[in-house]
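The values are calculated or read from the model by the stated rules, or taken from the named source; none is laboratory data. This one's a predicted model, so the numbers in the text were calculated from it and none came from an experiment. Virtual Cβ from ideal backbone geometry, glycine too; neighbours counted across all protein chains shown. Side chains are part of the model used for accessible areas, which takes the heavy atoms of the whole protein and leaves out ligands, DNA and RNA. Shrake-Rupley method; radii C 1.70, N 1.55, O 1.52, S 1.80 Å.
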Amino acid sequence: MIHRRLIDAGNWLAARLRGLILAGFALLAFASAFATPIFEKNDEWRHFAFAQHLAQGGALPVQQAGVDTPWQQIGSQPPLYYALASLPLRLFDTSDYAAQSQPNQSPQYSAYAPNNKNVLVITPEKRAFAYRNTTLAAFVLRLAGIAAGVVTLLAVWGIAMLLAQRRSIAALASALTAFNPMFASVMTAVSNDALVIALSSIALWLIAWWVLRGATWRVALLTGAIIGLAALAKVSGLTLIPIALLAALVSAWPQRRWGQLLAQGACVVLPIMLIAGWWVARNIALYGDPTGTSMMAMIAGARQAGASNLISEFQGLRMSYLALFGHFNVPAPDIVYLLWDALLLVCAAGLAARVHTHWRDLPARRKAAYALLALHIALTAIALARWTMMTTGSEGRLLFPCIAGISLLMALGLDTWRALVAKTPLRTIAPAIIIAPALALMALAIYAPIGIVQAAYAPPRVPAIPAGFIPIRQTLKPWAEVLAWKMEPQQVQPGDKVRVSVILRALRTPQFNHSLVVNLYGRDAAPLARFDTFTGNGLLPSSQWQIGEMWQDTVEFTLPADALAPAQLRVQFNLYNAGSGEIAESVDAGGNAGAPLYAGSTLLPSATAPSAQAEAQFGGLIALEQHALGEAQAGQPLTITLHWRSNSPASVDYTLFVHVIDAGGKPVAQSDGPLLNGEYPSTRWGATRFIEARHIDLPADLKAGDYHVLIGFYDPQTGARLETTDGQGRRVTDDAFMLGAINVQ
């Protein structure tokens, strides 16, 4: 009875699989639309500005490089999406667009930057369930993309059923599309991507139907019309034209019906010219470029890139095909991309095996349909490579117009492995080969909106000072106070990254957004780096502070390659109003005015191998490898150059003494102090080499003759000297190593 019920449940699911996938996508897309703050998907505010311009009766933009407009390079896009989007925008009050499109001070476009993921200031109205006016209008446009996603999935299913002729493969191809987290994110963005993806998928469905079952002039006209609309939605739609013409050739070739070829070709080209031809002519007239992409690249930031650039940017391309959200700076955990790479390799291997064993048995028309699908993927990839060479654009979403073909080929590859395993003793797990990837993607798609996206845009409020922070008290009058901070890692080298985190508490709420300034200093207080940010990692600007709330700011610096080392890195915090230039008055815990410096990580030189021999050893903690004594003259400073190799940290901060003694052992001059003027305290010693020049003032009345120079270390609290041995390991008298003799003239 139980077995029968399981079979019945399986049959019920199989019969309704397409509907379940569509419903699952709709729910996930709805969650994605809510999760990302408005205008924090790629270039959303610029796409919105173009549509708003048309809604307010504006003409199509005439683009000019160097002229600042709200839509920037987006104004060079074909206008179909923006004309359609302008219709619902007329129903909303979008007069607050300028207030909702204020730029964040220091947006970080790197996927691994710790802060400032938001490109614009995130106002309360941009977050879920608080939409109004402009943000509500943008959210409505996001929801419209769900319909485009459903249409795309229907096309994926249709193409797979036509070519593979199995519901299981159609379901898998649809699931690989529907549960791709990036697909849900892109389809619910305010942009023309969703429209061109849906239109391209429909066109490929029609072309597959055409090749496999023949085409009437009505089908050819419909195909041409869809391609024309796709080309008027985005330039990538033009890649469908050669695919459709080749479909006409495939249809006419067996009987050599050249008249049919010409007629069907005309039925394709004519609607494309009627729908999109004027746009091509306009681009030629205005920019001398049929697509207008050259002007778009100039405005976006033109570059001349080669194959090496494409290879180096492939990582971002593969990441952003699956899950790289926001402005392609909000990544999933690294393990997600490793598993995705593994899945792609498995699919590619399975597909290669399938082609090798099954290709010759396929009917000629199905071979042609598969070839056209693969050709469309190749043309889209070539167009993307060309665009990337013109300007930075290695984004996986730009491959989504051919996602139907990609998902189908992946499904075929997985199904090959299923069939192979089904012939082995492990046949009971064969279905899991196609079910597991779909379920894993679905799990990622469920997790992504909350666990990845919302988490990335959540203001970093904290209820208390977290463990590992150093408590301090610095007041940034009258607005806030600094409560604690930390710097990681503890030891770094030039060129490394160092991360500074600070806990602040609001005392008052400014009317305008103030900037937190984090300055990093190195040896002798030399400035190494500075970062200015709106507070709360750019997510809690000061105009949104609630009195008494605490938050954490985190800044990451890359240390200059030429920074002097060793040194103790120090950090300083300030608050200022960028608009007025007003700097908040800073007072430390003792009431002293001025922003204090806080000592953090130790900057060490690049590691080097230790020498075989040292002149002296001091407690096994530090060794003197060599030295040089300068010229000695009464009344002038004596320079002593010391080549040190530190080994490990001490338990106390030792002081170095350098004594000049006469023949009777009486000190005539000395210099006591920490190494490098305290820049490298002994409690922070590590395995590294460095050089220090120590200067000792010789008395003006010092008599001519021979003197000796002694060095050693002592605990300034107790006076106890650090055990000192010479190069042969013998302990020296009074733990004071004799460097050598000097002669004063």
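Taking segment 119-149 as the range and being open to solvent by less than 10 Å² (accessible area, probe 1.4 Å) and touching a Leu at 6+ places or on another chain (Cβ under 7 Å) as the test, the residues that pass are I122, A137. Scanning segment 517-528 for residues that are modelled with pLDDT of 95 or more, under 30 Å from F690 (Cα atoms), open to solvent by less than 10 Å² (accessible area, probe 1.4 Å) and in a strand (DSSP E or B) turns up at least one hit.
Listed here are the residues, each with its yes/no results for (1) surrounded by 13 or more Cβ atoms within 10 Å (Cβ to Cβ); (2) closer than 21 Å to S501 by Cα.
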| site | (1), (2) |
| --- | --- |
| L91 | no, no |
| D96 | yes, no |
| Q100 | yes, no |
| Q105 | yes, yes |
| A111 | yes, yes |
| K117 | yes, yes |
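Considering the conditions (1) more than 26 Å from L22 (Cβ to Cβ); (2) open to solvent by less than 60 Å² (accessible area, probe 1.4 Å); (3) assigned to a helix (DSSP H, G or I), L420 is excluded by exactly one of them, (2). Restricting attention to segment 243-281, the residues that are in contact (Cβ under 8 Å) with a residue 12 or more places away in the chain and within 39 Å of the chain's Cα centre (by Cα) total 6.
No other residue among E488, E549 is acidic (D, E), at pLDDT 95 or above, surrounded by fewer than 19 Cβ atoms within 10 Å (Cβ to Cβ) and under 23 Å from the mean Cα position of the chain (by Cα) apart from E488. Each residue in segment 729-745 was checked for being more than 56 Å from the chain's Cα centre (by Cα), open to solvent by less than 30 Å² (accessible area, probe 1.4 Å) and of a type in the set (G, A, S), and 1 pass.
Among all residues of segment 130-146, there is at least one that is under 30 Å from D532 (Cα atoms) and among the β-branched types (V, I, T).
Of the residues making up segment 708-728, those that are open to solvent by less than 50 Å² (accessible area, probe 1.4 Å) and out of contact with any Leu (no Cβ under 9 Å at 6 or more places or on another chain) are G719, T724, T725, D726, G727.
In the set (1) in contact with a Ser or Thr (Cβ under 6 Å, 6 or more places away or on another chain); (2) assigned to a loop (DSSP other than H, G, I, E, B); (3) more than 21 Å from Q108 (Cα to Cα), N513 fails one condition alone, (3).
When you scan segment 669-683, do you find a residue that is out of contact with any helix residue (DSSP H, G or I) (no Cβ under 6 Å at 6 or more places or on another chain), of a type in the set (A, V, I, L, M), open to solvent by 20 Å² or more (accessible area, probe 1.4 Å) and in contact (Cβ under 8 Å) with a residue 24 or more places away in the chain, even just one? Even if it seems obvious, please write down each step before you answer.
Pass one, segment 669-683, residues out of contact with any helix residue (DSSP H, G or I) (no Cβ under 6 Å at 6 or more places or on another chain): 669-678, 680-683.
Add one more test, that the residue is of a type in the set (A, V, I, L, M), and what stays is 669, 675-676.
Within this subset, residues satisfying the condition of being open to solvent by 20 Å² or more (accessible area, probe 1.4 Å) are none.
No, segment 669-683 contains no residue that is out of contact with any helix residue (DSSP H, G or I) (no Cβ under 6 Å at 6 or more places or on another chain), of a type in the set (A, V, I, L, M), open to solvent by 20 Å² or more (accessible area, probe 1.4 Å) and in contact (Cβ under 8 Å) with a residue 24 or more places away in the chain.
Put simply, of P88, P114 the only residue that is farther than 19 Å from D43 by Cα and part of a helix (DSSP H, G or I) is P88. Being closer than 24 Å to I159 by Cβ and either surrounded by fewer than 20 Cβ atoms within 10 Å (Cβ to Cβ) or touching a Leu at 6+ places or on another chain (Cβ under 8 Å) (or both) is not true of I311. Residues considered: I470, I503, I433, I452. Of these, the only one that is touching a residue at least 40 places away in the same chain (Cβ under 8 Å), in contact with a Phe, Trp or Tyr (Cβ under 8 Å, 6 or more places away or on another chain) and open to solvent by 40 Å² or more (accessible area, probe 1.4 Å) is I470. Report yes if some residue within segment 61-68 is of a type in the set (A, V, I, L, M, F, W, C), out of contact with any helix residue (DSSP H, G or I) (no Cβ under 8 Å at 6 or more places or on another chain) and under 27 Å from M295 (Cβ atoms); otherwise report no. Checked segment 61-68: at least one residue is of a type in the set (A, V, I, L, M, F, W, C), out of contact with any helix residue (DSSP H, G or I) (no Cβ under 8 Å at 6 or more places or on another chain) and under 27 Å from M295 (Cβ atoms). The numbered conditions (1) more than 23 Å from V517 (Cβ to Cβ); (2) open to solvent by 40 Å² or more (accessible area, probe 1.4 Å) are all true for A589 except (1). Please verify whether L351 is open to solvent by 30 Å² or more (accessible area, probe 1.4 Å) and in contact with a Pro (Cβ under 8 Å, 6 or more places away or on another chain), treating the condition exactly as stated. No. Taking L154 as the residue in question, decide whether it is open to solvent by less than 10 Å² (accessible area, probe 1.4 Å) and at pLDDT 95 or above. No: the conditions fail for L154.
In this structure, does E615 turn out to be open to solvent by less than 40 Å² (accessible area, probe 1.4 Å), touching a residue at least 60 places away in the same chain (Cβ under 8 Å) and touching an Asp or Glu at 6+ places or on another chain (Cβ under 7 Å)?
Numbers: open to solvent by less than 40 Å² (accessible area, probe 1.4 Å): no; touching a residue at least 60 places away in the same chain (Cβ under 8 Å): yes; touching an Asp or Glu at 6+ places or on another chain (Cβ under 7 Å): yes.
It is false that E615 is open to solvent by less than 40 Å² (accessible area, probe 1.4 Å), touching a residue at least 60 places away in the same chain (Cβ under 8 Å) and touching an Asp or Glu at 6+ places or on another chain (Cβ under 7 Å).
Just so you know, in segment 174-228 the residues that are of a type in the set (F, W, Y) and modelled with pLDDT of 95 or more include one that is farthest from A263 (Cα to Cα), and it is F179.
Residue pairs whose Cβ atoms lie under 9 Å apart, separated by 6 or more positions or on different chains, with the first residue in segment 122-134 and within 24 Å of H53 (Cα to Cα) and the second exposed (fewer than 14 other Cβ atoms within 10 Å of the Cβ) and among the hydroxyl-bearing types (S, T, Y), are N133/S95; T134/S95.
All of (1) among the hydrophobic types (A, V, I, L, M, F, W, C); (2) under 12 Å from I661 (Cα atoms); (3) touching a residue at least 40 places away in the same chain (Cβ under 8 Å); (4) open to solvent by 70 Å² or more (accessible area, probe 1.4 Å) hold for A700 with one exception: (2). Restricting to strands (runs of 3 or more DSSP E) lying wholly in segment 554-648: which have 2 or more residues that are touching a His at 6+ places or on another chain (Cβ under 9 Å)? Once the strands (runs of 3 or more DSSP E) in segment 554-648 are filtered for at least 2 residues that are touching a His at 6+ places or on another chain (Cβ under 9 Å), what remains is 567-576, 622-629, 637-646. Pick from A65, A49: which is of a type in the set (A, V, I, L, M, F, W, C), over 20 Å from R397 (Cα atoms), surrounded by fewer than 19 Cβ atoms within 10 Å (Cβ to Cβ) and within 29 Å of the chain's Cα centre (by Cα)? Exactly one residue qualifies, and that residue is A65.
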